[in-house]
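Worksheet for the structure shown next.
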Amino acid sequence: MFGPFDFGVILRNLPYLLKVGMTFTLTLTALAIVLGVFFGTLLAMMRLSSIKALSLLATGYINLMRSVPLVLVIFWFYFLVPYIGAWIIGASRPVQVGAFLSSVITFSMFEAAYYAEIMRAGIQSVARGQVWAGYALGLNYWQTMARVVLPQAFRNMLPILLTQTIIMFQDTSLVYVLSITDFLGAASKVAERDGRFVEMYVFAALVYFVICVAGSYLVKRLQRRIAIVR
Amino acid sequence: MSYHWNWKIFWALTPEGTGTYLHTLLVGLMWTLATALSAWILALVIGSVLGVIRTTPRKWAARLANGYVELFRNIPLLVQMFLWYFVFPEFLPKAMGDAIKQMPPPWASFVPAVLCLGTFTAARVAEQVRAGIQALPRGQQMAGTALGLTLPQTYRFVLLPVAFRIILPPLTSEFLNIIKNSSVALTIGVVELTAAARAMQEFGFQVFEAFTAATIIYVVVNVGVVFAMRWLEKRVAVPGFIGPAVQGGGH
Amino acid sequence: MRKLELPLLLAALALVAAPVLAQDTGTLKKIKDTGTITIGYREASIPFSYLDENQKPIGYAMDICYKVVDAVKAKLNMPNLKVALNPVTPSTRIPLMANGTIDLECGSTTNNAERKKQVDFGMTYFVIKYRYVAKKSAHMDTIADLKGQTVVSTAGTTDIKALNELNSADKMGMNILAANDHPAAFLMVETGRAKAFLMDDILLYGLVANSKDPADFHISSASLGLEPYSLMLRMDDPEFKKVVDDAMTKLYKSGEIEKIYGKWFLSKIPPRGIVLDFPISDSLKKVFANPTDSPDPKVYE
């Protein structure tokens, strides 16, 4: 019904797929990693805090995020973030948040819950004596965390953090539900316009597959390297 | 321009006139559970077979199983969903493809969704099963051989019963994942819980009430599954064994 | 350790206790403050608002919207006003309007009394009829032909609502499917997953004309009623609505609208250079002569 496999449609649309779609996907992934790890680390520290309220708040947030599907979270944030923005800066009207920024916030906050659990394990893997040693040297909480605990925690957890990141890279494709043009969104727009969905979806799968396999391979190599050093 | 809350919306009738919005959400929940459970059974069967193959001495078979795991883990779930729904029927003989496409709804969406979620999760289950078997002391397998058991018998009576018990916690989290992942099926037309909430938003216009309700339902299901599995874990626990820590991340 | 964690606690408290201040709210003020007006566009509402071969949104509604933007520029005396574009789907357009992501929606949105409780509309710029498209080989033309069939429509539209109402009121026994957007719904008919696709007739003409084999499809002569289309705005914003209404009225009275209409409905349109050949209907002629923003279908009959 759809005739033979047409490579031409892929070649013709390659600039659009890569320049618009892949750029969006990669930028979103990169920003979400940075912000996600930052907020994730904060959440992990809150969760391990001796202040009950903070610890409960962080635990509640992490558990909530982890029990709700990402698709639902994407809808939530896209519609809700402008109201939260207005509330934070005290404006009386919702703050305008574009599709891209909204996606960055969604993925940062969602992944933060996952990164937090990884970081918590990482922080807990650092021997208690190291914290005491830090205090004995006259460092305060933030200094001990920043100079002693977190660098080791990151190092221990790097492979798992990166594996989680590869999963997130795949999950960014879900912004499709908002009609945003990420890599898959671009592919599906071409597919629908030209009726060439076999070609476009197979090609999209292939691209994701190659990137993710290459990524996992690098993570594995890194893991071996870290293992030798320790 | 601030948001107008209206919690009574749940008792309002939907445009179909067949029930309230609350009813719509509960029907959505039913489809979420139906999709997740059917896919879970599929995932357990395929995943266990693959996981076992990956630990057997047959090199070529193990490589094939590893290939499956790599393939299904490295393509986004949504892309796999599209492949099953749009692409797969085009590669079948025309009569068969048409028969699949023309199944009455919701089956034409439900079946691809279950196949997709099942095969996707199977890769993750296979990873857990392999880790579970490899976490057992090597002596167990040797003991089996020493008792005169064949390889399949050793797996059936010695390795698997213990392995499955110790990987119960990671399997629980995979089961929770499959419930959440079933929401991706809304892209191919399965009206599960998230889709029901979205439909409610479209016709009732109360976005945040709809999503709040869906969120609460997901949390309740989550908590329910966790408690049920804890109870099961306690009942079948093997003293002295702690589950292997396969940290793969996931959603 | 306790004392040292105080900053974290304070930060959390500051978030919770953020003050909520009251201030002026209109869309015009927002546009002025941000220096940007954000237009919500559709990806495949041919020929109202859709992506051309360079994936840039164009169409009849987009042209009207840019006229409105010109009026806003003049009104605020901001010739360099930036225009931002944000894609919307039938499911996302209303919440995105309410939460301030878009200021003006230029697509193919039906103006009806129910939606008027959530959003507002400018002047009517098109009048459609609900019809359905099916494969020619299915020989379907009347509403009764839909009985017991699998029928698809687009999620979040008034069409799928009408379809559902028809199903329960007349016991049609249809299987109703909801697709994400129009091309996905049309694809379901093209690939045989659904027998018919109920939609606004003009959109169906656009989809069929752009399909690979337009001769394969038939659009029903029977219809399920008519609806006016308009630009969507935020509710309770008379100041902004006046700018939009005035700009549209001027467009209609000056006759300029007929040129824009001709460009999209009577001449070749991108991306494939097809001609829809859809002359101005009598109801629309009436609207152009006497602009109205009424959501009541009876006004247009």
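Descriptive notes on the structure:
- Gyration tensor (alpha-carbon) shape descriptor, the stretch C:128-226, a/c threshold 1.5: rounded
- Average other protein chain Cβ within 10 Å of Cβ, residues A:193-203: 5
- For chain B, calculated [θ]222 nm from helices alone, where every DSSP H run of n ≥ 4 adds -39500 (n - 2.57): -22000 deg cm²/dmol
- Rolling a 1.4 angstrom probe over the protein heavy atoms with all chains in place gives the stretch A:7-229 an accessible area of 40 Å² per residue.
- Interface residues, the stretch B:162-202 - accessible area loss of 20 Å² or more versus chain alone, probe 1.4 Å: B:Lys180, B:Ser183, B:Val184, B:Leu186, B:Thr187, B:Gly189, B:Thr194, B:Arg198, B:Gln201, B:Glu202
- Theoretical ellipticity at 222 nm over chain C - DSSP helices of four or more residues, -39500 (n - 2.57) apiece, nearest 500: -10500 deg cm²/dmol
- Accessible area of chain A belonging to carbon and sulfur atoms, whole % at 1.4 Å probe: 70
- In straight-distance terms, cross-link reach from C:Lys136 covers every one of the aspartates and glutamates whose alpha-carbon lies under 17 Å from its own, apart from those fewer than eight places away in the same chain; here that gives C:Asp145, C:Glu190, C:Asp201, C:Asp213, C:Asp216.
- Accessible surface for chain C, divided over its residues, is 39 Å² per residue with a 1.4 Å probe.
- Highest average packing first - A:48-58, C:194-204, B:147-157, Cβ atoms within 10 Å: C:194-204, A:48-58, B:147-157
- Cα long-axis angle, helix B:168-181 against chain B (0 to 90 degrees, to the nearest 10): 30
- Spatially proximal aspartates and glutamates relative to B:Lys59 (Cα-Cα < 19 Å; intrachain offsets below 8 disregarded): B:Glu70, B:Glu127
- Percent antiparallel among DSSP beta bridges (both partners in chain C, rounded to 5): 60
- 5 angstrom amide H check on C:Thr38, placed H, neighbours 5+ away: C:Ala84, C:Asp103, C:Leu104
- In terms of packing, defined here as the mean over residues of other Cβ atoms within 10 angstrom, the peptides B:23-33, C:96-106 line up highest first as C:96-106, B:23-33.
- Heavy-atom surface of the stretch B:7-236, accessible at 1.4 Å and reported per residue (Å²): 43
- Share antiparallel - DSSP beta bridges, the protein assembly as shown, percent rounded to 5: 60
- Estimated buried accessible area (total), pair C and A, 1.4 Å, Å² to nearest 100: 3900
- Taking every C-alpha pair closer than 8 Å and separated by at least 6 residues, the mean separation divided by the residue count of chain C gives a relative contact order of 24 percent.
- For the stretch C:128-226, the share of accessible area belonging to carbon and sulfur comes to 51 percent (1.4 Å probe, ligands and nucleic acids excluded).
- Relative contact order (%) - the stretch A:7-229, alpha-carbon pairs under 8 angstrom, separation at least six: 29
- Separation of alpha-carbon centers, the stretch A:103-130 and the stretch B:44-102, rounded to whole Å: 33
- Loss of accessible area when C meets B, both sides summed, Å² nearest 100, probe 1.4 Å: 2100
- Counting only alpha carbon atoms, the long axis of helix A:52-67 and the longest principal axis of chain A meet at about 20°.
- Relative contact order %, chain B, counting alpha carbon pairs below 8 Å whose residues are six or more apart: 28
- Rough spin-label spacing in nm, given labels placed 7 Å along Cα→Cβ, for A:Ala127 and C:Ala138: 7.3
- Here the stretch B:148-164 and the stretch A:15-84 have alpha carbon centers that stand 43 Å from each other.
- Helix B:59-73 axis, angle to chain B major axis (alpha carbon atoms, nearest 10°): 20
- Additional length obtainable on full extension of the chain from B:Arg58 to B:Met103, 0.36 nm per residue less Cα span: 12.2 nm
- Burial annotation for the stretch C:158-177: residues with an accessible-area loss of at least 10 Å² between the isolated chain and the complete set of protein chains, computed on heavy atoms with a 1.4 Å probe, are C:Ile160, C:Lys161, C:Asn164, C:Glu165, C:Ser168, C:Asn175, C:Leu177.
- For the pair the stretch A:170-230 / the stretch C:203-249, the C-alpha centres are spaced 36 Å from each other.
- Scaled against the 2.2 N^0.38 Å expected of a compact globular protein of N residues, the Cα radius of gyration of the stretch A:7-229 reads 1.19.
- For the residues of A:97-106, the average number of beta carbons from a partner chain within 10 Å of their own beta carbon is 2.
- Across peptide C:184-194, the average count of Cβ atoms from other chains found within 10 Å of a residue's Cβ is 5.
- Shape class for the stretch C:20-113, computed from the alpha carbon gyration tensor (a ≥ b ≥ c): oblate, with a/c not under 1.5 and a/b at or below b/c.
- The packing ranking, built from the mean of other Cβ atoms within 10 Å per residue, places the peptides B:182-193, C:124-135 in the order B:182-193, C:124-135, highest first.
- Portion, in percent, of the accessible area of the stretch B:7-236 that falls on carbon or sulfur, probe 1.4 Å: 71
The values are calculated or read from the model by the stated rules, or taken from the named source; none is laboratory data. Just so you know, these numbers come straight off a predicted model, no measurement behind them. Because the Cβ atoms are built from the backbone with ideal geometry, glycine has one as well, and the counts that use them run over all protein chains shown. Keep in mind that these areas ignore ligands, DNA and RNA; they rest on the heavy atoms of the full protein, side chains included. Shrake-Rupley method; radii C 1.70, N 1.55, O 1.52, S 1.80 Å.
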